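Notes follow the structure.
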Amino acid sequence: MKSKQIKIALRNCGHIDPERIEDYISYDGYAALGRCMFEDTPSSVTDKIKQSGLRGRGGGGFPTGKKWELCAASVSDKKYVICNADEGDPGAFMDRSVLEGDPHSVLEAMAICGYCIGADEGYIYIRAEYPLAIKRLKIAIAQAEEAGLLGDRIMGSDFSFKIRLKYGAGAFVCGEETALIKSMEGNRGEPIMKPPYPAQKGYMGKPTNVNNVETFANVAAILNRGAEWFSSIGTEGSKGTKVFALAGKVKNVGLVEVPMGTTLRELIYEIGGGIKSGKKFKAVQSGEPSGGCLTEKHLDTPIDYESLKAAGSMMGSGGMIVMDEDDCMVAVAKFYLEFIVEESCGKCVPCREGNKVLYNILDKITHGKGELSDLDKLKNFGNIIKSTSLCGLGQTAPNPVLSTLDNFYDEYYDHVVNKKCAAKQCRSLITYRIIEENCVGCGACKRVCPAEAISGELKQKHLIDQETCIKCGACIKKCRFNAIVVE
Amino acid sequence: MSCSEKQEQIKKTIAGICSEFNDDPNELIAILHKAQGHYGFLPKEVQSAIAERIGVPASKVYGIVTFYSYFTMEPKGKYPISICMGTACYVQGAEKVLQEFESRLEIKNGQTTADGKFSINTLRCIGACGLAPVVMIGDKVYGNVKTEEVKKIISEYN
Amino acid sequence: MERINNYEQFKKSSSGIKKERESNSSKVIIKIAMATCSIASGAGPVFDLFKDEMPKQPKEFVLIPTGCLGLCHSEPTVEVTLPGSDPVVFGKVDVKRAGLIISDYIMKGKTVDCIIEGN
């Protein structure tokens, strides 16, 4: 399963004991930090990160070295380094894996970043839902401080750097850096207009550099093995590797790290082992919840920031959900919208109200009450929300709807005009029926039906009353004679 | 214990928690985490005690409690059932699992059973997508949960 | 770990730690994934079994709890490296399989099923 993989961010995951700092040191841990402080200068280290071509792995894709440079250029008596570990995407666990498997790689990189931009304090903003990652980070910080590799005068140098944890409280919008900073300051996590960028005015009004966990996990490896080595991996505009949480209807569910430029087909079929239980591939969703659903015809798209965007999706932070013929794309779009409606912070109107409108239309369609004009409305509203929302959440929120409308128009049409759901997921559009020839009248379905919708005497043909049927599917599971069908 | 006495007790506990964070309003979220850890939920009395102690309007505290999904104003059951509704779990049938729990316990998502034993809530991805669909009861994680297994899982706690 | 007070000391200490790790190659190295999903699939009892049973075997070993290898579909996973051999990863390891890994693979070098291909 691993042939196409190259592990950089995950280099130590599964190989070292994350609760022993010696294990990390034995794989060149803290060597990069030592070299930076004693053999190099902040600007030259920042240049190396720039040359490597590393871009933000949290979804934005902003060049990391450039970000550090901007923050370094801000003049202030106090600066902060923040690690965004508020992995709130529904279906992603890359950051959790790094923090649980190799916490020191993040701590070391934060200290290096602090050295480059002139900060002496760092915070990790982490989800409270990750108790094990929190525990291991606490152990790692304590061990590094005790060993003199974090804290006051690191390795006896003039550079001091402290790291503390701050807990998120379950708000997806806090992945946006200005919202994250608001939340760290004890407020509702509502994004603010940029500029000023956090590099000028961030946490507590001071210049702040925010990077995500995976971005940081690459830093020490780049400095240990050289910017040229790193930039030799990947494509023209996207260097290095990307970690993906491959999940959904794929055989080998798991965490993979592949060079940029690997195609979706290679990822799903060679590394992921193809689709589960012989079903047919239907779509893959990357960059969730705001990425697009790509289809069969996109499978040869190379995975990099630009190509995925051009195809109508986005890199995102690394969730990769594979769907098969049993998934209804209208219902999937509705699922994502429901998430967005719940997570929209409510500050700007297009996102707060617009996405609700989209959701209501989708809900109507999945209940068989859609009209053809609804499809145009979805498109119009979607585009308005995209172009007028304040932050990245709203600007990308309609992507799942717009991309499924583009790629699966027939399925929407089927729901709206023929009132059919081919994937048999939308309850209002399906019926359960007993095939008379196959029914032996055993009564198993009648006994299991919670709505008492099935009638028929023992050894006689049974019948489902469509009015009472709640379409739970309990009968079909009980029937041993293939006598019940969903239509 | 009379009502005002109870309020006094809450104030004392909250004062202890807030002082760990130097009564700093910037630490409000951390304070709420700690308070919820202590009480299990954040009723109005607790919120106003915090607001008073750190010197912010009660509306601000309420605004934060309702903004973040981790905070709750409802007491949870003795065995809180959390059903993951992340995408991976969703495409593997988490919605049906939720419905099965709801119908077996005769409560809706977000509610607690009358005897205070079980409560159901959904959460967004606990990062165990490899085991989807996932259900957590307390700290115990159940993976690859099928609707047929729900009855058995509940019976483990009866 | 001792406190590092200067760069020279760090380099010395670091290479010492590296040598110590390399010296482990003459022992059986057992790595058990202990991430959230591994633990949820039952890695705890597997780890305990190795911890209890290995000291009874006449072989030198190191037992390392690690993060995950990303093989969620096969958790709990155990990676065993016999001296002079490539690492082998076992998937879906329960207590029974863990016993077999010790008695057959580690002690006798016999293959045990549940090896994950392509590692």
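Checking every one of the GluC sites (Glu not before Pro) in the range A:397-462 against DSSP loop status and a limit of 15 other Cβ atoms within 10 Å picks out A:Glu436, A:Glu437, A:Glu452, A:Glu457. Surface composition of the protein assembly as shown: carbon plus sulfur atoms hold 50% of the accessible area, using a 1.4 angstrom probe and ignoring ligands, DNA and RNA.
Quick one: net charge of C:Thr81's neighbours, Cβ under 10 Å, K/R +1, D/E -1? The partial results should precede the final answer.
Details: positive: C:Lys27, C:Lys31; negative: C:Glu79, C:Asp86.
Summing Lys/Arg as +1 and Asp/Glu as -1 gives 0.
The mean accessible area for residues of the range A:163-278, using a 1.4 Å probe and ignoring ligands and nucleic acids, is 31 Å² per residue.
Please check chain B for the longest run free of GluC sites (Glu not before Pro) that are loop-located per DSSP (anything but H, G, I, E, B) and have at most 14 other Cβ atoms within 10 Å. Before the final figure, lay out the partial values.
Numbers: sites that count: B:Glu106, B:Glu156.
With a cap of 14 other Cβ atoms within 10 Å, the longest stretch comes to B:1-105.
Please tell me the relative contact order of the range B:79-155 in percent, rounded to the nearest whole number, where contacts are Cα pairs under 8 Å and at least six residues apart. Write down the numbers at each step before the final one.
Details: 128 pairs, mean separation 30.7, N = 77.
The normalised contact order for the range B:79-155 reaches 40 percent.
Among all the lysines, which ones have a C-alpha under 21 Å from A:Lys239's C-alpha, if same-chain residues fewer than 8 places away are not counted? Excluding near neighbours in sequence, the set is A:Lys2, A:Lys4, A:Lys7, A:Lys48, A:Lys50, A:Lys66, A:Lys67, A:Lys309.
Principal axis extents of the Cα atoms in the range C:26-117, from largest to smallest and rounded to whole angstrom, are 32, 27, 22.
Only protein heavy atoms count here, probed at 1.4 Å, and on that basis chains A and C bury about 3000 Å² of accessible area in total.
Interface burial in the range A:10-25, defined as at least 20 Å² less accessible area with all protein chains than with the chain alone at a 1.4 Å probe, covers A:Cys13, A:Gly14, A:His15, A:Asp17, A:Glu22, A:Ile25. The distance from the alpha carbon centre of the range A:369-446 to that of the range A:269-337 is 17 Å, rounded to a whole number.
When the convex hull of the C-alpha atoms of chain B is computed, what volume per residue in Å³ does it have? The partial results should precede the final answer.
Numbers: hull volume 19.9 nm³, N = 158.
It is 126 Å³ per residue.
Between the C-alpha center of the range B:105-150 and that of the range A:38-107 there is a gap of 35 Å.
Here is the tail figure for the range A:96-191: Cα pairs spaced more than 18 Å apart come to 49 percent of all pairs. About the centre of its Cα atoms, the protein assembly as shown shows a dipole size close to 740 debye [charges on the beta carbon of Lys, Arg (+1) and Asp, Glu (-1) only; nearest 20 debye]. Sparse packing (at most 13 other Cβ atoms within 10 Å of the Cβ) combined with a DSSP loop state is found for the following trypsin sites (Lys or Arg not before Pro) in the range A:198-298: A:Lys280.
Report the antiparallel proportion of the DSSP beta bridges in the range A:2-231 as a percent, rounded to a multiple of 5. Mind dumping the intermediate values first?
On the way: 2 of 20 bridges.
Rounded to the nearest five, the antiparallel share is 10 percent.
Tell me which GluC sites (Glu not before Pro) from the range A:232-272 have a DSSP coil assignment and no more than 15 other beta carbons within 10 Å of their own. Spell out each step's value before the answer.
Working: sites: A:Glu236, A:Glu257, A:Glu266, A:Glu270; in loops: A:Glu236.
Counting only loop positions with at most 15 other Cβ atoms within 10 Å, the GluC sites (Glu not before Pro) in the range A:232-272 are A:Glu236.
The mean count of C-beta atoms from other chains within 10 Å of the C-beta of residues in C:5-13, rounded to a whole number, is 5. The range C:62-106 and the range B:10-28 have Cα centres lying 47 Å from one another. Think of a 1.4 Å ball rolled over the protein heavy atoms: the range B:4-158 then has 47 Å² of accessible area per residue. With Kirkwood's inverse mean 1/r over C-alpha pairs for Rh, give me the Rg to Rh ratio of chain A, two decimals please. Radius of gyration relative to Kirkwood radius: 1.05. Annotation: aspartates and glutamates with alpha-carbon distance below 13 angstrom to A:Lys347 (same-chain offsets under eight excluded): A:Glu190. Chains A and B together bury roughly 3000 Å² of accessible surface, counting both sides and using a 1.4 Å probe on protein heavy atoms.
The values are calculated or read from the model by the stated rules, or taken from the named source; none is laboratory data. Every value quoted in this text rests on a predicted model; they were computed, and no experiment measured them. No Cβ is skipped: glycine too gets one built from the backbone with ideal geometry, and neighbour counts run over all protein chains shown. SASA here: full protein model, heavy atoms, side chains in, ligands and nucleic acids out. Shrake-Rupley method; radii C 1.70, N 1.55, O 1.52, S 1.80 Å.
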